[in-house]
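Before any comments, here is the structure.
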Amino acid sequence: WEDLVNWCSDMNLDYKICNILTKKEVYAIRKILGKSKNWKDGLGTTKNISKKTKNNEENYSKEVQKIIIEGCKNSSDFCEFTISESITIPIISQMKKGGYYKPHIDAPKLGHYSTTLFLSEPSEYEGGELLLYIGGSTKKVKLSAGKAIIYKSGTPHCVSEVLSGTRLVSVAWVKSLIKDQYERELACMIRDMGKKLTDKYDDFNESSFEFENLKEAMSHPYFAYRNILHYIESKYPHF
């Protein structure tokens, strides 16, 4: 049980970094966007925002959006962390030298989670870090192309000024199947706990046990885990 307690206490429910796209998929996206003439001023997607707050260009290539959405759906880490029900249409954001996005909080109606998927390598631009205010401190995020950070919507964040090069990312919002935040985080913890226990202990599965009676079975950690998981699965059939 000590491992169980340690895993639960170490879990970060505020954000998760995961792989979304392969290098081949990133290359395909960059090729499409490199030929695109449909870049628009990013102010068109936000109300009551001026150049003092946001300076970027945006693209809505359906071909690129399709690749990104499929990547999210195929990422087990993404799906397990968000317990996703739906994903908004991705917005591709491009910031050249001088681009930025001042501190803001995403609108609650967009979803339970905000997602920033990096499409350019850190070496391709200077500055342009995603800054998240989490747990009373600022977390700097600048990931390799194909990786994304998923964080709770409502997290104050901003993008520092791009000093050179071009920062290319995709942003989208996720609505979770489980609407209640407490139950959503509990479900995420339980699923992660089961995965880690299974990875560490070869016999952490029902087929490995031969119990004589229910009392013996219910005293084993695996059955305690299954009992809690069954409660979640009964309430949310698609979990």
Only one of Gly44, Gly71 is assigned to a helix (DSSP H, G or I) and at pLDDT below 95, namely Gly44
With the structure loaded, tell me whether Tyr182 is under 25 Å from the mean Cα position of the chain (by Cα) and farther than 30 Å from Tyr60 by Cα or whether it fails that test.
yes
From the option list Lys66, Lys24, single residue qualifying as exposed (fewer than 11 other Cβ atoms within 10 Å of the Cβ) and either assigned to a loop (DSSP other than H, G, I, E, B) or at pLDDT 95 or above (or both) is Lys24
Counting only helices (runs of 4 or more DSSP H) entirely within the range 151-239, those with at least 2 residues that are at negative phi and open to solvent by less than 20 Å² (accessible area, probe 1.4 Å) are 181-200, 221-235
Log entry, pairs with first residue in the range 79-106 being touching a residue at least 12 places away in the same chain (Cβ under 8 Å) and in a loop (DSSP other than H, G, I, E, B), second being open to solvent by 60 Å² or more (accessible area, probe 1.4 Å) and β-branched (Val, Ile, Thr), beta carbons closer than 6 Å, six or more apart or on different chains, reads none
Checked pairs for the range 220-239, first in contact (Cβ under 8 Å) with a residue 24 or more places away in the chain, second hydrophobic (A, V, I, L, M, F, W, C) and open to solvent by 50 Å² or more (accessible area, probe 1.4 Å), C-beta under 7 Å and 6 or more apart or across chains, list as Pro221/Trp1
Scanning the range 106-123 for residues that are of a type outside the set (Asp, Glu) and more than 25 Å from Ala187 (Cβ to Cβ) gives Phe118, Leu119, Ser120, Pro122, Ser123
Expected single match for among the aliphatic types (A, V, I, L, M), surrounded by 14 or more Cβ atoms within 10 Å (Cβ to Cβ) and assigned to a strand (DSSP E or B) among Ile17, Ile32 is Ile17
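When you go through Lys140, Lys109 one by one, which is the residue that is modelled with pLDDT of 95 or more and more than 22 Å from Lys66 (Cβ to Cβ)?
On the way: Lys109 fails: modelled with pLDDT of 95 or more.
Within the list Lys140, Lys109, the selection yields Lys140.
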Condition set in contact with a helix residue (DSSP H, G or I) (Cβ under 8 Å, 6 or more places away or on another chain) and more than 16 Å from Val26 (Cβ to Cβ), scope the range 105-125, selection surrounded by the fewest Cβ atoms within 10 Å (Cβ to Cβ): answer is His112
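The values are calculated or read from the model by the stated rules, or taken from the named source; none is laboratory data. What you are looking at is a predicted structure, and each value in this text was computed from that prediction instead of being measured. A quick note on method: Cβ atoms are made from the backbone with ideal geometry, for glycine too, and the neighbour counts reach across all protein chains shown. Accessible surface is based on the protein model in full, side chains and every heavy atom, while ligands, DNA and RNA are left aside. Shrake-Rupley method; radii C 1.70, N 1.55, O 1.52, S 1.80 Å.
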